[in-house]
Amino acid sequence: MTARVIVVTSGKGGVGKTTATANLAAALANMGKRVVAVDGDVGLRNLDVIMGLENRIVYTLIDALEGTCRLNQTFIRDKRIENLFMIPTAQSRTKDAVTAEQMIEVCGELRKEFDYVLIDSPAGIEAGFRNSAAGADEALVVTTPEVSAVRDADRIIGLLESMDKSPIRLIVNRIRPHMVKKGDMLGVSDVLDILAIDLIGMVPDDEAVVTSSNKGEPLVLSQSTPAGIAFRNIASRIEGKDVPFMNLDATDSGGLFGIIRRAILGH
Amino acid sequence: MGFFTNLFGIHNSGQIAKNRLQLVLLHDRSDISPEMLENLKKDIIAVIKNYVEIDEKRIELDLEREDSSVALVANIPVMTVRRQRRRGEQ
Ligand SMILES: Nc1ncnc2c1ncn2[C@@H]1O[C@H](COP(=O)(O)OP(=O)(O)O)[C@@H](O)[C@H]1O
Ligand SMILES: [Mg+2]
C-alpha cells in the first residue's frame, strides 16, 4: 500500500478540523479503505475523544518517537468500523516534542500500511502546524463562512502552497442556509471567489455534530444527518467520485432538510 | 457598520463581510511594505525622468483592488515632454 497523506488544517481554531478529520476517516474506512487518523495537535489532543477512543490509549505518538514503543503499538483500532485506526498524541507535552523530520519519517512508515493517513493539525501558522503538515502530500483547508476564519484560511493556503502541497482543497463548514438566504452570511460562492481554490465540500451547521461528539461516535455511523451526509460526500470526492454538491441555498419547501430527505428517501 | 453600509451602499451583513474580506486580504496578500513602495517610487521616477519631466512631489503610487485582482496604480503628473532626437542625428 502507498497511502495518500492528507493534512486537515485551518489557521483559525475551532472551525472544525478535528470534527472533519474524525468523520472523514470514519467515512473513508466505511468505504472499505484502510485509514489511520493521526492527532497532530500535541498538548491539546482531542481527536481521541471526538472518535470515542480515549479510554483505550496506551502509547502515544510521542512515546514511539522517543523509542518507548514501536509505532504500530500506538495504533488504536476502532472496534465499530473495520480498518479504522487512530494514533493519539501526548496531552502533557508541547509542540516541540515532534519535529518536521520525525513527522516525515512517521508518515513514510504509515504509507506502507494504509490507504489514507489523515492528520489533524493544530490551529496557528507556527511550528505545530508546519510539523503536522510536513509529511503530507495533500491538504484540506477547513473554514467557516466568517471574515476572521476566511482571512486565516487565506494565510494557510499561501503557506501550504509554498510547502508544495497539492491538491489543496477547501471545506466550508457550519453553513447556515437560512442566514445565507437572507444575505446575512457569506455564501460558499463568496468564499470561493475570495480564496480562489477548489471546493471539496460544504457542511451545514448541524446539532448532530454536537450530539455525536458528546457520545464519541462519528456522525457517519449514526442515522443520516445533514452534516453526516456532507462528510460522506467529501470522502467520496477524496476517492475521486463525482458527487454533486448539496444545494444549501435551496428555497423550496423543506429547505436543506427536505432536499436531503428527498435524496435519501426518494420523496 | 455604518461606514461600510454607506461606503458600499449595501445593507446585508453577508455582502459587508465579503467586501471587508476583499479589502483585508488585499493588504494581507501584498508583501509590499511601505518602504518597498517608497523605493519603487524612486526607481520609477528615475526611469521616467529620462523621457519626460514630471512633478515628483505629486506622484501617487498605491495598491488598489480591481474586481478580483490587485493593481499597482501610479498617478504621475507630467510637466513637459522632452523633444526626441531623431535617429542618426547624434
Ligand atoms: N458542522 C458543524 N455543526 C455544528 N457544530 C460544529 C460543526 N463543526 C464543528 N462544530 C463544533 O465546533 C466546535 C469546534 O470543532 P473542532 O472540530 O474541535 O474544531 P478545531 O479542531 O478546528 O478546533 C466543536 O464544539 C464542534 O462540535
Ligand atoms: Mg482540533
Proximal lysines to B:Lys41, defined as alpha-carbon separation beneath 28 angstrom and excluding residues fewer than eight positions away on the same chain:
B:Lys49, B:Lys57
Report, as an integer, the average count of C-beta atoms from other chains found within 10 Å of each Cβ along B:15-28.
5
Residue mean of other protein chain beta carbons inside 10 Å, A:77-84:
0
Hydropathy first: keep DSSP H helices in chain A averaging at least -1.0 on Kyte-Doolittle, then drop any whose Cα extent along the axis falls short of 20 Å, and list what survives.
A:147-162
When the helix-only estimate is applied to chain A (DSSP H runs of n ≥ 4, each -39,500 (n - 2.57), divided by the residue count), what is the mean residue ellipticity at 222 nm, nearest 500 deg cm²/dmol?
-11500 deg cm²/dmol
Which residue, A:Thr60, A:Thr211, A:Thr89, tops the fluctuation ranking in a GNM of chain A built on C-alpha contacts under 10 Å?
A:Thr211
What relative contact order, as a whole-number percentage, does chain A give when Cα pairs under 8 Å and 6 or more residues apart are counted?
24
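Bear in mind that the values in this text are calculations on the coordinates, not laboratory data. A quick note: this is a predicted structure, and the numbers were derived from the prediction, not measured. Positions of Cβ are generated from backbone atoms using ideal geometry, with glycine treated the same way; all protein chains shown enter the neighbour counts.
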